[in-house]
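Structure first, then comments.
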Amino acid sequence: EAELTHGLKVQIGSMTLTTPVAAMFDLSPIAARLGRPLPAILGGDLLKQVVVDIDFQARTIAFYDPDTYTPPAGAILVPLTMTDKVPSVSASIEGGPEVSFDFDMGNATPVLVFPAYWQPRHMLEGRRSSKSHGGGAAGLSDEFETTLKTVTFAGVTMHDVPAALAMPGAGAADSGRRSGNMGMPIYSRFRVITDYSHSRLWVIPNATTATAPFRR
């Protein structure tokens, strides 16, 4: 349950942003799981107003005016498209053709593969897996935990990538227009710069972590 309000102003340093709509609800259960206070969550309505530069290696986040921003040298431009009102990027699984994945920095799983992709390819055959529960905004659902040999994103190939194969009926996973959802363990290997107002995304691979083994 949540209450809604309009025109809430959020100040970050010298920058002030205004939310078209803000939801107000109890975040204490999430804060308890995280182990730290969580007074607010900055969502899409705010982040679409600015360029957001997240440097995971330096542990910094910066905000810029989209109309005057110039990306740093070495930044790789990744097409950012809207599919079913969700930002998506292209990536390749195990050398296959590039397909569309949700750009989801709120997902703690490296890759969630939707049934429309993995079932026709019989990806569970000959592959070690276990069944578990996965959770998101829509609640818990069954999924298979397994490992992908490779995932290639923005020209970087990562090996032995932990992945979940979503079961049919799991909300967004039933979309036939997207092949899956890529999460934070992938993007945190890059410096990530989003410019939603111009449908642009830049990434810079982190030399020390881009192809490092994944935690399990």
- Assign unit charges at the C-beta atoms only (+1 for Lys and Arg, -1 for Asp and Glu), then state the dipole size of the range 75-171 relative to its Cα centre in Debye, rounded to the nearest 20. 120 debye
- Query: So for GLU145, GLU125, what's the accessible-area order with a 1.4 Å probe, most first?
  - Reply: GLU125, GLU145
- Query: Could the peptides 84-92, 70-78, 105-113, 26-34 be put in order, highest first, of the mean number of other beta-carbon atoms found within 10 Å of their residues?
  - Reply: 105-113, 84-92, 70-78, 26-34
- Query: Solvent-accessible area per residue for the chain at a 1.4 Å probe radius, Å²?
  - Reply: 58 Å²
- Query: What does the highest-first list of 59-67, 43-51, 186-194 look like by mean Cβ count within 10 Å?
  - Reply: 186-194, 43-51, 59-67
- How big is D for the range 1-92, in µm² s⁻¹ as a whole number, if Stokes-Einstein is applied with the Kirkwood radius of its Cα pairs at 10 °C and 1.306 mPa s? 98 µm²/s
- When only alpha-carbon atoms count, how far does the range 45-144 stretch along each of its three principal axes, as whole angstroms with the largest first? 50, 31, 30
- Quick one: dipole size for the chain, taken about the Cα centre, charges +1 on Lys/Arg Cβ and -1 on Asp/Glu Cβ, in debye to the nearest 20. 540 debye
- Short version: ³J(HN,Hα) in whole Hz for each residue of the range 43-48, in order, from phi by Karplus 6.51 cos²θ - 1.76 cosθ + 1.60 (θ = phi - 60°), x for Gly and Pro, what are they? x, x, 4, 7, 6, 6
- At q = 0.11, 0.13, 0.17 Å⁻¹, base-10 log of I(q)/I(0) for the chain (Debye sum, equal scatterers on each alpha carbon): -0.60, -0.84, -1.38
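The values are calculated or read from the model by the stated rules, or taken from the named source; none is laboratory data. Given the structure is predicted, the values throughout are model-derived calculations rather than measurements. Ideal geometry is used to build each Cβ from the backbone, glycine not excepted, and the neighbour counts take in all protein chains shown. Calculation scope for accessible area: heavy atoms of the full protein, side chains included, ligands and nucleic acids excluded. Shrake-Rupley method; radii C 1.70, N 1.55, O 1.52, S 1.80 Å.
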